[in-house]
1. Of all the strands (runs of 3 or more DSSP E) wholly in segment 158-228, which have at least 1 residues that are buried (at least 16 other Cβ atoms within 10 Å of the Cβ) and of a type in the set (Ser, Thr, Tyr)?
2. Might you check whether a residue that is under 22 Å from Gly183 (Cα atoms), basic (Lys, Arg) and either assigned by TED's automatic domain parsing to the domain that holds Asp43 or modelled with pLDDT of 90 or more (or both) occurs anywhere in segment 288-304?
3. Name the single residue, out of those in segment 93-121 being exposed (fewer than 14 other Cβ atoms within 10 Å of the Cβ) and small (Gly, Ala, Ser), that is nearest to His69 (Cα to Cα).
4. For Arg204, indicate whether it is at pLDDT 85 or above, of a type in the set (Lys, Arg) and at negative phi.
5. Could you tell me which numbered condition Pro55 fails, if it satisfies all but one of (1) of a type outside the set (Asp, Glu); (2) without any contact (Cβ under 8 Å) to a residue 24 or more places away in the chain; (3) assigned to a strand (DSSP E or B)?
6. Any idea how many residues of segment 74-85 are under 26 Å from the mean Cα position of the chain (by Cα) and not aliphatic (A, V, I, L, M)?
7. Considering only residues that are closer than 13 Å to Phe198 by Cβ and over 25 Å from the mean Cα position of the chain (by Cα), look in segment 229-241 and name the one that is surrounded by the fewest Cβ atoms within 10 Å (Cβ to Cβ).
8. Tell me, yes or no, whether segment 19-36 has at least one residue that is at pLDDT 90 or above and in a loop (DSSP other than H, G, I, E, B).
Amino acid sequence: MPFTEQQTIQTLEIVREEEIAAPIDVVFETILEEMGPYNQTPDGTALPMKLEPWPGGRWFRDLGNNTGHWWGSVQAIRPPSLLEICGPLFMSYPATSNVQYRLSEENGVTRLKFAHRAIGWTPGDITHGVQLGWSNLIERIRLRTLRGNVSATPGRVDEDAPLRIEERGPIAVAGLKGHFLTGGDPAIPVQWTRFATFFGKMPRQVGKEAYGIAWNEATGGLGYMSAVEVREGSTIPEGLILERIPRDVYVMFAHAGHVSEIPKTMHRAFEWLARNGHQVQQSEGAPWLIERYGEGFNPHTGKGDIELWIPVK
């Protein structure tokens, strides 16, 4: 049978190096936990696994009643400096992979060298999806280590670390959009007051969250939208506008105070991104900040269930 475009032998190589300000044994243990019971998909869905940390040990999903998925076996393990796994992993194709974590420590900082190499008969280019999955896992390892153990400042828990990193979008939103001065324009709360009359009454609204979306404008000002998510192709009330937020990877920070204190959290968030080697994604026409107001937000007190989403490269 001749090969088609969808039936080709392909190779894949993903290599990453990270520095984590934590002891090597803590990082190694976090790797085992994040690949095991705390494993999840890039969108945050729980995907618990079992990883048997010995030579020949299995890495698999146990679905109960003798059902599940075998992803691979431990080819080599030497705690806390080496973990190597081989197997098909998440690919339901004739393919095999080799995954390596190599760790070393110097002055309390762990250098993590990660590699995933694969060869097999796979449909199309799967590199982007695989790279997203590993990037999310490695970032979870970094964040959980920093938040739960130490931070870039020795001896202190990193209280500025984000909640999670996720890929989101595209998202269709409808609402009011205005042009404002940077630095906390008092007209922004007025726009929210106007938009409140539409909240919960928007045709084909998705969920009960509200979003404050910020764009940089060519004139130097700030474009800011008070909005809710709607289904694609929705017809919206007169006076509102429809925008489409492109798909991006977002670092998501919690904001615990009053809405007026959001600039303080933003400042700490941008400092954290710079410390940890992240660059803000500033694509033309795309927002550089999304404020998410969840169901627990109280508009009367201006507090509760607020997240700041910052797109990164």
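1. Numbers: elements: 164-168, 171-180, 210-216.
Qualifying strands (runs of 3 or more DSSP E): 210-216.
2. yes
3. Looking at residues that are exposed (fewer than 14 other Cβ atoms within 10 Å of the Cβ) and small (Gly, Ala, Ser), I get Ser104.
4. Working: at pLDDT 85 or above: yes; of a type in the set (Lys, Arg): yes; at negative phi: no.
Criteria not met by Arg204.
5. That leaves (3) as the condition not met.
6. Count: 1.
7. Here the answer is Glu238.
8. Checked against the condition, which is being at pLDDT 90 or above and in a loop (DSSP other than H, G, I, E, B), segment 19-36 yields at least one hit.
The values are calculated or read from the model by the stated rules, or taken from the named source; none is laboratory data. Quantities reported herein were computed from a predicted structural model and do not represent experimental measurements. No Cβ is skipped: glycine too gets one built from the backbone with ideal geometry, and neighbour counts run over all protein chains shown.
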